[in-house]
Structure formats: structure tokens, C-alpha cells
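Working notes, beginning with the structure itself.
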Amino acid sequence: MNTPNVIFKTRIGDNQNIGGGCSVGGSWKDLTTNDLFKKKKVVLFSLPGAYTPTCSSQQLPGYEEKYDELKKYVDEVYCISVNDSFVMNAWADHMGIEKVKMIPDGSGNFTRFMGMLIGKNHLGFGNRSWRYMAVIDNGVVEKWWQEPGINNEGTDDDPYIESTPENMLEYLRSSE
């Protein structure tokens, strides 16, 4: 499966330390899937939302911790979520993320085209991403994992079994 051609609206150079949480001083920068995936082998992992419990306590910090080991096998490690760039940047700053690159899918287009856009209305979140990860080689999905029980009704316990950095490393080591 090829990744969809999408434009991500990103922010660069914002000052996160302005009172009231405002971000100023930065600028918008459009990135495309080609900018991120063309002629590269990357790890992409997706999560339901910034500042949410499993995403903040396990998934994002786990990938940050394993980043150097993952980079032995791939060109980059990306975290994508259906959040805007202001939120993704502030979350990464709050979490002390220095290595994993954040991709804001604010409109949810990439997530929708990947078939992973779900409703989290039972929590008041609106549309979000189901948790998954992939190895993408030059824009083509080489390997795919997604958590069990995908649904729009909230009939899950926010599983985090398949899309762990440990599972990714196991695959990458065995593919060498």
C-alpha cells in the first residue's frame, strides 16, 4: 500500500514559553508525505491524542527511549496524531521529546486515507486516530501493525499491545 499524498501544516520556531500558553514568533511550514517518506525508510506510529494517558505515559516516551536503537535500521522515527501543530509541538516540549519527529495531522486527512480515522465522541474527542505503527519504505508500507478492536463506539480499553517500539525493533532486527 502506498501512503496517501497529503500536506501537513506544521509550525517551526514558536516560543512555547509565552504566558497563557500562546505560541508566537514562529511560522507555518507545509510538509508533504514526499518530504517525509520519499527515498527514506521510516518508522511511523500513530496515537489517539496528545496529552492522553497511554500516549503520554507509554507510547511516545517508549519510542523516544528506543530512538537510537531504531535509527540503526531506519532513517527517521515519526509520531503522527490527529492534533494540530501547536498541540503537537507543545506536547513534545512538555514531554521533553528531542529525537522523535512529530507530525500534526490536524485535519485527519492522512489518518482517514490510511483507514484509521475513528470516532472518539464518547470521550468528547471527535475524530481521532486508531493506534497503529508501520515501516514505510520510500512511501510504501512495508509492514503494518494495528491494535485489536478498532471501533467508533468506545468499546475498547485503549489497547497498546501491537504498536510498541519493542515489536518494531523485533521486526527490524529480523529483517536485517
Name the aspartates and glutamates eligible as straight-distance cross-link partners of Lys99: C-alpha to C-alpha under 14 Å, and not fewer than 8 places from it in the same chain. Glu64, Glu65, Asp68, Glu69, Asp75, Glu76
Run through the DSSP bridge list for the chain and note the antiparallel percent, rounded to the nearest 5. 70 percent
Mean ellipticity per residue at 222 nm, deg cm²/dmol - from DSSP H runs of n ≥ 4 across the chain, formula -39500 (n - 2.57): -6500 deg cm²/dmol
Taking the Cα-to-Cβ direction at Lys99 and at Asn138 and moving 7 Å from each Cα, how far apart do the two end points lie in nm? 2.8 nm
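Just how many % of Cα pairs in the chain lie over 25 Å apart, if you round to the nearest whole percent? Present the calculation step by step, with values, prior to reporting the outcome.
On the way: 4565 of 15400 pairs.
Here the long-distance tail beyond 25 Å is 30 percent of all Cα pairs in the chain.
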Just to confirm a number: summing +1 for Lys and Arg and -1 for Asp and Glu over residues other than Lys66 whose beta-carbon lies under 10 angstrom from that of Lys66, what do you get? -3
Around Thr164, under 11 Å between beta carbons, what's the net of Lys plus Arg minus Asp minus Glu among the other residues? -2
Between the alpha-carbon centers of the stretch 109-152 and the stretch 161-176, tell me the distance in whole angstrom. 18 Å
For the stretch 27-67, rounded, prolate or oblate, judged on the Cα gyration tensor with a ≥ b ≥ c (square roots of eigenvalues), a/c < 1.5 rounded, else prolate if a/b > b/c? oblate
May I ask you to evaluate 6.51 cos²θ - 1.76 cosθ + 1.60, the Karplus curve with θ = phi - 60°, for each residue of the stretch 94-110 and list the ³J(HN,Hα) values in order in whole Hz, giving x for glycine and proline? 4, 7, x, 6, 10, 10, 4, 8, 8, 10, x, 9, x, 8, x, 5, 4
Checking the cross-link filter: which aspartates and glutamates have an alpha carbon closer than 17 Å to that of Lys71, excluding same-chain neighbours under 8 positions apart? Glu98, Asp137, Glu142, Glu166, Glu170, Glu176
To the nearest 20 debye, what is the magnitude of the charge dipole of the stretch 56-176 about its Cα centre, counting +1 on the Cβ of each Lys and Arg and -1 on the Cβ of each Asp and Glu? 260 debye
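Bear in mind these aren't lab numbers, they're just calculated from the coordinates by the rules spelled out. Small disclaimer: the values here were computed from a predicted structure and weren't measured. Note: ideal-geometry Cβ built from the backbone for every residue, glycine included; neighbour counts use all protein chains shown.
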